[in-house]
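Peer 1: I'd like to ask some things about the structure below.
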């Protein structure tokens, strides 16, 4: 396989031949030396000043003018906020390449001081491979986290548990400032302060230059960038008013936090320091009804009680940047912290058993289950990045990351008398703990060739390695011996090692009205899973799995006019699973639930095709994208009957899945003081497979809707209302009910926008709606292959979480510069947390 990997890299990392009869260069800010995107570059005849051709600069500031005849020319370069720049006396011979190198544009301070922007900023920007959303346009996210920003994207939805989906799928990859951060979005995004985000890029059909993981594509979080030399300082605070509804929880929810960033930039050096603390509790309850039938015995165990979360995050970051000249850039970053998430599920059960032939009740037992799951993570990581730009505008980039994360946390599970605490009877006292350290490394090498007549060629190589070890102990208290004893059935050790080599070649460019991109990524993955039970005589099992695959991609955009564009794309993706979902040993979550993985779990492989149209007119824009996604080896969580009062949740491959849908969005400036942004996604999802010798064939139309409307009351005061709605959805064994959350935000700025205050009303309900609650229902009927007995189950649980939450956020900037800190982010540990 290693030889095959080398051959694949040789095949994909192909050489290219530079073209002739072109003029190319790169535009940068003279103060910051950062690339300037979307600048206008026009070429004129020197003799009569007639326009020959023109273009706009790319994201890295580069531009290329091709198919130019012999002659004398000059360039006129313009961009808002910068002084215009002329480059004259350009003499071009036949079939000659002219590389102008780096061209600096000087900020126009007088223009920036006099410029007054009326109305609202554009919320959405459309590019050939992505939609870009301005984060500060979603005020309900201010003082919150990246999760609160994402919930406003047209194809993004959140459920009651905080799980994020893109086009109905939870499988997507997060990038931070373009760097791969393959972490669980639910955990990673809940740590990143919304105030530090400049915009969010949703890339649904990524090119081959990006990592192939993520069946729904990529979400790139772009943080704020520094504007010039000097000191930047920002402090953000948030506090929540006492809860209006306690839901009979033992402890009141607490919500408060603060974060700060210091960034000093001078000449060649850039220093940044940041720290954050966030306490973000959530009150709530769960109401459940469950029954099982095993042979002629029916057991009912309805439940009701507390389900709340206490979440704490501490973190600190340090970043150092050094730019010795305009062609070299070094960055070193360190990131560390602690986080914990406690889930309380204290539930009352009212168990009854019946004899099925005649319905006679044969037993009854009620009890109180006290359950606390604590999930912790201590982490430390460091990263290094270096880039060098050559005189011909080609560029080489190197980056590396090392991460250590210690995951763990106990789960206590006690069955008590239903009259607790009046009656001190304890039936069962159990304790589940684990320590599972994770070590991860990543290395990237990318080379970007100088622009050619075909466009921009890029080649690269990536190596990633994961080593995740776990020791799981489940203990029960023996009241007779007055000692804790290990339960082998729920105890084990596990070790997952996974290495990935990948190489890619990608071409992107434009010809007239056409924009295009095409590429292929080769990937070699080796995976080894070792696991062993703790019962006497248990043997260690070793499972190996590897693959070599190609992941092609292509995108095409045609400009029918300046404000009407058509686009098409194809991308092949993979979704690799977490260690938790591969643990074949049962883990006791609480009284009625076990969770178990599948050691032979296969990755999901995805093919995505999409067609879209973008229409812009004046201050408005509308887009629509139709898509088809086919998934092989679909991973779902399914239930089986473990015993008469316990269900076992299993992660396994069940078959194939298909989604066909339409994503739409609009950004409308209705008048000077009223702006409306609305987006949605409607799709048909079909699952076809088998589990426990039972056929699974479910399909349904489902949708999500996000609306955001802003009223500019004065130049410093605005009001924003938003709604996030998620329709009923089908699963492999049932359905999840609709879920919605309306929010209202009032924002006021002071001191020339340096001080911002917001008052938020989150999850508006007023006792009139069913805000922030969701019912999950599953059922099944099968013959258990282990004992050939007919087993049937039904479970429905309504999760009711806190509404009418009032938050106050205050943000102060000591100057009006913006932060450019290039902090490292977790790539491996967050995914397992």
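Peer 1: Could you check the range 1-100 for strands (runs of 3 or more DSSP E) lying wholly inside it with 2 or more residues that are at pLDDT 85 or above?
Peer 2: 22-29, 40-45, 62-66, 71-78, 85-92
Peer 1: Look through the range 101-130, keep the residues that are over 25 Å from residue 150 (Cβ atoms) and modelled with pLDDT of 70 or more, and return whichever of them is surrounded by the fewest Cβ atoms within 10 Å (Cβ to Cβ).
Peer 2: Applying the filter and picking the extreme gives 106.
Peer 1: Also: So, in the range 522-551, exactly how many residues are loosely packed, with under 14 Cβ neighbours inside 10 Å and farther than 19 Å from residue 496 by Cα?
Peer 2: Residues meeting the conditions: 3.
Peer 1: Kindly evaluate residue 635 against the criterion of being farther than 26 Å from residue 739 by Cα, touching a residue at least 60 places away in the same chain (Cβ under 8 Å) and in contact with a strand residue (DSSP E or B) (Cβ under 9 Å, 6 or more places away or on another chain).
Peer 2: No: the conditions fail for residue 635.
Peer 1: Restricting to the range 742-758, name every residue that is surrounded by 18 or more Cβ atoms within 10 Å (Cβ to Cβ) and free of Cβ contacts under 8 Å to residues at least 40 places away in the same chain.
Peer 2: 742, the sole residue that qualifies.
Peer 1: Which of (1) free of Cβ contacts under 8 Å to residues at least 40 places away in the same chain; (2) not in a loop (DSSP other than H, G, I, E, B) is the odd one out, the single condition residue 481 does not satisfy?
Peer 2: Among (1) free of Cβ contacts under 8 Å to residues at least 40 places away in the same chain; (2) not in a loop (DSSP other than H, G, I, E, B), residue 481 violates only (2).
Peer 1: Within the range 730-746, track down each residue that is modelled with pLDDT under 90 and either assigned to a strand (DSSP E or B) or not assigned by TED's automatic domain parsing to the domain that holds residue 627 (or both).
Peer 2: Hit for the range 730-746 is 730, nothing else.
Peer 1: A follow-up question, please. Identify all residues within the range 75-90 that are under 45 Å from the mean Cα position of the chain (by Cα) and surrounded by 12 or more Cβ atoms within 10 Å (Cβ to Cβ); write none if there are none.
Peer 2: Residues satisfying the conditions are 75, 76, 77, 78, 79, 81, 82, 83, 84, 85, 87.
Peer 1: Look through 700, 678 and report the one residue that is more than 24 Å from the chain's Cα centre (by Cα), surrounded by fewer than 18 Cβ atoms within 10 Å (Cβ to Cβ) and in the same structural domain as residue 157 (by TED's automatic domain parsing).
Peer 2: Selected residue: 700, the only one of 700, 678 that is more than 24 Å from the chain's Cα centre (by Cα), surrounded by fewer than 18 Cβ atoms within 10 Å (Cβ to Cβ) and in the same structural domain as residue 157 (by TED's automatic domain parsing).
Peer 1: Picking from 377, 383, 393, which residue would you name as being crowded, with 18+ Cβ neighbours inside 10 Å, in contact (Cβ under 8 Å) with a residue 40 or more places away in the chain and on the phi > 0 side of the Ramachandran plot?
Peer 2: Step by step, each of 377, 383, 393 is checked, and only 393 is crowded, with 18+ Cβ neighbours inside 10 Å, in contact (Cβ under 8 Å) with a residue 40 or more places away in the chain and on the phi > 0 side of the Ramachandran plot.
Peer 1: Take the residues in the range 765-782 that are touching a residue at least 60 places away in the same chain (Cβ under 8 Å) and farther than 17 Å from residue 158 by Cβ; name whichever of them is surrounded by the fewest Cβ atoms within 10 Å (Cβ to Cβ).
Peer 2: Only one residue fits best here, namely 781.
Peer 1: Which one of these does residue 755 not meet: (1) at pLDDT 90 or above; (2) more than 30 Å from residue 35 (Cα to Cα)?
Peer 2: In the conditions (1) at pLDDT 90 or above; (2) more than 30 Å from residue 35 (Cα to Cα), residue 755 misses (2) alone.
Peer 1: Would it be correct to say that residue 277 is touching a strand residue (DSSP E or B) at 6+ places or on another chain (Cβ under 6 Å), assigned by TED's automatic domain parsing to the domain that holds residue 407, part of a strand (DSSP E or B) and closer than 30 Å to residue 800 by Cα?
Peer 2: The answer is yes for residue 277.
Peer 1: Here are 687, 682, 696: which of them is at negative phi, assigned to a strand (DSSP E or B) and at pLDDT below 90?
Peer 2: Selected residue: 696, the only one of 687, 682, 696 that is at negative phi, assigned to a strand (DSSP E or B) and at pLDDT below 90.
Peer 1: Starting from residues that are crowded, with 17+ Cβ neighbours inside 10 Å and more than 22 Å from residue 667 (Cβ to Cβ), keep the ones in the range 710-729 and report whichever is modelled with the highest pLDDT.
Peer 2: 727
Peer 1: Counting only residues that are crowded, with 21+ Cβ neighbours inside 10 Å, in contact with a helix residue (DSSP H, G or I) (Cβ under 9 Å, 6 or more places away or on another chain) and modelled with pLDDT of 70 or more, give me the strands (runs of 3 or more DSSP E) lying completely in the range 131-222 with at least 1 of them.
Peer 2: So the answer is 131-134, 156-158, 164-166, 173-176, 197-203.
Peer 1: Return the total of residues in the range 351-361 being free of Cβ contacts under 8 Å to residues at least 60 places away in the same chain and either assigned to a strand (DSSP E or B) or not assigned by TED's automatic domain parsing to the domain that holds residue 592 (or both).
Peer 2: 5
Peer 1: Please specify each residue of the range 446-464 satisfying the condition of being at pLDDT below 90 and over 19 Å from residue 390 (Cα atoms).
Peer 2: Listed by number, the list holds a single entry, 454.
Peer 1: Give the number of residues within the range 663-674 that are at pLDDT 90 or above, part of a strand (DSSP E or B) and farther than 17 Å from residue 614 by Cβ.
Peer 2: 1
Peer 1: One residue is enough: does the range 307-315 have a residue meeting the conditions out of contact with any strand residue (DSSP E or B) (no Cβ under 8 Å at 6 or more places or on another chain), surrounded by fewer than 17 Cβ atoms within 10 Å (Cβ to Cβ) and at pLDDT below 95?
Peer 2: No: zero hits.
Peer 1: Of the residues 466, 529, 524, which single one is part of a strand (DSSP E or B), more than 16 Å from residue 208 (Cβ to Cβ) and in contact with a helix residue (DSSP H, G or I) (Cβ under 8 Å, 6 or more places away or on another chain)?
Peer 2: 529
The values are calculated or read from the model by the stated rules, or taken from the named source; none is laboratory data. Just so it is clear, the model here is predicted, and its values are computed rather than measured. Reconstructed Cβ throughout: ideal geometry from the backbone, glycine too, with neighbour counts over all protein chains shown.
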